Amino acid sequence: MRTNPEIEQITDYAIQIAKKKEHEYVLVEHLLLSLIRYKPFSNVIVSYGISIKELDDDLNNYLDNIENINNGGSPKKTNAIERVFNRAVTQVIFTGRRYVSTLDIYLSITSETQSHASYFLLKHNVNKNEFSSYWQSHYRESDIELSDIQAKETLEEFCTNLNELARDGKLEPLIGRASEIRDSIDILAKKFKSNVLMVGDPGVGKTAIAEGLAQLIESDNVPDFLKEHEVWSLEISDIVAGSKYRGEFEEKFKKIIKSLEAVEKGILFIDEAHTMAGTGSTSGSSLDFANMLKPALTKGNLKVVASTTWEEYYETFEQDRALMRRFYILNIDEPTVETTTKILRGVSKRLEDYHNVSIDDDAIITTVELSNRYIHDRKNPDKGIDLLDSACAKQRANGNVDARITKQRIYDQVTKLTDIPVERLTNENDELISTLEGKVKSKLYGQDDAVDKVLEQIYVNFSGIGKEGKPIASFLLLGPTGTGKTELAKLLSSNLDMKLLRYDMSEYQEKHTISTLIGAPPGYVGFEDGSLSGGKLISELSKDPYSIILFDEIEKAHPDVSNILLQMLDEGTITSSAGKTVDVTNSIILLTSNLGAQANENNAIGFGQDLEKTGEEDKAVKEFFKPELRNRIDATIKFKKLDDLSIKKVVIKFINELKESLTKKDIKLNITENVIEHLANIGYDSKMGARPISRKIDEILRVPLSKKILFEKLENCSINVICNDDTVHFEIVLHNHSEMMDNIDTIIPESKVNDDGLIVLNQFKPK
């Protein structure tokens with residue numbers, strides 16, 4: 001016996017009715033209700049003279065009075081249902097036919113004389129034999145069709161009616177998208193290719209446009225051909241989620257398409273349309289959602305509005321040309337600042353009611369400005385709405401009822417999201433800036449001119465009149481090793497409260513190593529791995545956009561690094577190999593280099609042997625860096641060799657660090673001036689700069705003192721360091737000793753400034 005799709009559809013719909021009403025069993029009354037809602041059958045019974053609405057109401061009222069005891073499982077068939085189908089099959093066998101018809105089901109239902117279904121048929125004067133003869137002369141077998149009620153119930157099961165949400169006021173008002181809406185309506189009016197594919201970055205408002213279309217239809221503000229249409233939003237995942245056996249997904253899909261065709265005035269909205277590709281296919285089969293949708297789109301009796309991102313469009317639609325040609329592409333751009341402001345003003349009313357707060361107009365303007373300037377991984381209006389919503393949610397979470405959302409609260413929220421200090425956002429960092437010069441110069445010795453040039457560029461940006469779309473500042477720091485180039489980066493980081501991102505360019509000498517900065521390119525190992533494809537520089541800047549980026553010893557890097565720097569300096573952004581773009585407009589970029597330093601160390605002949613070849617740096621920079629890169633750097637800063645006074649200051653700096661360590665052990669360190677001079681003389685190297693000083697202090701002071709602390713158990717004492725004949729000696733004075741040593745005059749507890757301007761702490765003079 002051949003399966004009749006009509007009976008399958010009627011049976012499935014009867015089960016759906018029972019399930020929707022949360023009944024434990026499928027009754028004969030469920031089957032009869034499904035039968036009279038089947039359009040070919042209902043057409044015959046209506047022409048017979050029966051009020052289908054009254055019969056439907058009677059059956060519905062009866063079923064509604066049945067106790068709902070189902071716990072979410074599939075309804076079970078009753079014995080009466082089994083008898084109905086067995087009786088119908090028996091009738092078919094006796095007549096020699098190959099399949100069960102709707103008339104067989106009807107006749108079998110009427111034979112269930114003890115059921116309410118048979119009673120309702122008799123109540124409405126449906127004579128069994130008379131109707132049977134009438135049906136045979138009037139019923140025409142056709143394609144499976146759905147009644148309006150069946151179609152809408154099917155759509156409600158798998159889709160969301162956006163028109164209904166619009167009527168209930170659950171959709172956000174559509175603001176500033178009049179042009180995109182008009183373009184969508186123009187496409188839907190076409191005879192061919194009347195399907196819209198909205199393509200745009202995430203967060204630009206594609207879904208909002210579809211919701212706006214539903215709102216315009218409900219307000220009767222659309223052309224005549226769209227009036228009384230309903231927009232149904234389909235979540236493809238909902239179809240897949242409930243499919244337990246092979247073929248069930250296809251059955252659900254066909255139901256949805258036939259339901260849309262049955263209602264006639266329906267528009268299907270598919271969000272994240274790229275998910276159509278591959279969804280529903282099994283065992284390598286090409287039969288997926290996209291391929292099943294193509295015939296329906298070709299017929300022209302189905303209107304579809306879909307949305308996707310550009311990345312997914314290129315990966316999905318560009319690869320499936322047959323699918324792409326059935327859509328008309330509508331580009332959705334990010335709204336302008338003015339449009340975003342209008343959108344946020346419209347949304348703010350909803351946020352005020354939801355969070356029980358009041359939002360200042362200045363806060364809205366500030367939200368748009370700051371989100372546009374400092375949040376670059378998302379698009380407006382999404383990021384602006386999210387920022388404003390977060391500020392409101394914080395007040396609600398803290399129990400601040402009737403709180404005002406001011407621009408200061410927006411500043412605080414942006415600081416939380418981006419780690420950019422509030423003072424930087426508000427340009428209210430007068431105290432920070434006014435003390436910056438003194439703090440840097442107090443710890444970086446002998447490079448006052450270099451510091452001044454660096455700070456001048458920083459002042460311009462911090463004043464609010466810097467260049468838009470550029471980093472805060474960018475510098476090429478030139479000079480011999482050990483002159484304070486890296487130290488300057490550390491001091492700026494600590495005093496500006498900016499994170500220091502240091503990259504040693506010796507690690508990026510080979511071409512393939514650049515992938516660790518910006519991610520592995522396509523075809524390279526690691527491209528599929530998100531942790532590797534992001535790149536170290538990309539990932540760190542994403543977390544800390546307000547940073548000082550230090551490319552140390554840039555001359556050692558592969559030449560391709562220059563291309564990365566060009567994008568950073570020119571566009572204020574950096575793009576990973578995976579296509580992710582990160583903003584660097586809130587960063588300071590520092591390039592350090594020793595170019596030309598070695599040439600300067602080669603002594604000249606004759607009277608010029610003590611003079612530096614100051615032009616060697618410029619020559620080396622021109623040879624190494626491309627002109628386009630040099631032109632984009634704000635300033636090239638040259639660091640000088642340290643003079644004697646600066647060297648002594650460096651020595652004192654390292655000694656003070658040692659004193660702080662000893663203080664934790666209750667040990668006081670006293671240093672004479674001749675010790676400082678001795679360390680300065682033996683520690684400084686014209687070729688190595690100040691770096692050897694630290695090693696000499698370790699050798700002469702730190703290591704011997706560590707031995708005394710470990711082996712002599714020193715604590716609660718003073719250690720006097722004396723230099724005689726270029727030899728350093730230690731004299732230990734216990735704090736509980738009653739008498740001072742004879743060769744010690746007086747320990748001076750206060751700081752002393754000598755003739756050279758050196759600050760020598762805890763100085764003493766031996767007799």
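Details
- In a fully extended conformation the segment linking residue 185 and residue 439 would gain 85.1 nm over its present Cα-Cα distance, using 0.36 nm per residue.
- Segment residue 393..residue 494, full-extension length gain: 33.1 nm, with 0.36 nm per residue of separation and the alpha-carbon distance subtracted.
- Where labels lie 7 Å past Cα in the beta-carbon direction, separation of residue 502 and residue 730 in nm: 2.9
- A DSSP coil position with no more than 14 other Cβ atoms inside 10 Å describes the following trypsin sites (Lys or Arg not before Pro) in region 1-51: 2.
- This ranking places 232, 310, 135 by how few other beta-carbon atoms lie within 10 Å of each, fewest first, which gives 310, 135, 232.
- FRET efficiency estimate (nearest 0.05) - Cβ-Cβ, residue 241 to residue 22, R0 30 angstrom: 0.95
- The chain, helix-only ellipticity at 222 nm - DSSP H runs n ≥ 4, -39,500 (n - 2.57), divided by all residues, nearest 500: -14500 deg cm²/dmol
- Over 20 Å apart at the Cα level, from the set 19/170; 342/379; 499/687; 441/640, are 19/170; 499/687.
- Length released on extending from residue 43 to residue 713, taking residue separation times 0.36 nm less the Cα-Cα span: 230.6 nm
- Residues in region 451-462 carry Karplus couplings, in order, of 4, 4, 5, 5, 5, 4, 5, 5, 4, 4, 5, 5 Hz; the curve used is 6.51 cos²θ - 1.76 cosθ + 1.60 with θ = phi - 60°, and Gly or Pro positions show x.
- Between residue 412 and residue 581, the modelled labels are 3.3 nm apart [label points 7 Å from Cα along Cα→Cβ].
- For region 151-331, the Kirkwood estimate of hydrodynamic radius, built from reciprocal distances between every pair of different alpha carbons, is 16.6 Å.
- Cut-off 13 Å between beta-carbons: net charge of the residues surrounding residue 471, Lys and Arg +1, Asp and Glu -1: -2
- Residues 493, 358 arranged by fewest to most Cβ contacts within 10 Å: 358, 493
- Over all projection directions, the Cα-based convex hull of region 21-97 averages an area of 6.4 nm².
- For the chain, the antiparallel share of DSSP beta bridges with both residues in that region comes to about 30%.
- Relative to the longest principal axis of the Cα atoms of the chain, the long axis of helix 128-138 makes an angle of roughly 70 degrees.
- Helix 615-624 vs. the chain, principal-axis angle (Cα, 0 to 90°, nearest 10): 20
- Estimated distance in nm for a label pair at residue 661 and residue 563, the labels positioned 7 Å out from Cα along Cα-to-Cβ: 4.6
- Efficiency of FRET from Cβ geometry, residue 201 and residue 119, R₀ 51 Å, rounded to 0.05: 0.25
- Evaluating 6.51 cos²θ - 1.76 cosθ + 1.60 at θ = phi - 60° for every residue in region 340-354, the Karplus couplings come out as 4, 4, 4, 4, 5, 5, x, 6, 4, 5, 5, 5, 4, 5, 6 Hz, glycine and proline recorded as x.
- Each pair of Cα atoms in region 432-582 enters the Kirkwood radius, and Stokes-Einstein at 20 °C and 1.002 mPa s then converts it into a translational diffusion coefficient of 129 µm²/s.
- Beta-bridge orientation, region 151-331: approximately 15 percent antiparallel, per DSSP, counting only bridges with both partners inside.
- Between helix 5-20 and the chain: long-axis angle, C-alpha atoms, 0 to 90°, nearest 10: 60
- Of 193/258; 190/299; 20/294; 255/303; 254/294, pairs whose Cα-Cα distance is over 22 Å: 20/294
- A cut-off under 15 angstrom between Cβ atoms defines the neighbours of residue 86, and their net charge, with Lys, Arg +1 and Asp, Glu -1, is 0.
Computed from the coordinates by the stated procedures, all read-outs in this text should not be read as laboratory data. Please read these numbers as outputs of a predicted model, since none were measured by experiment. Neighbour counts run over all protein chains shown; Cβ positions are idealised from the backbone, glycine included.
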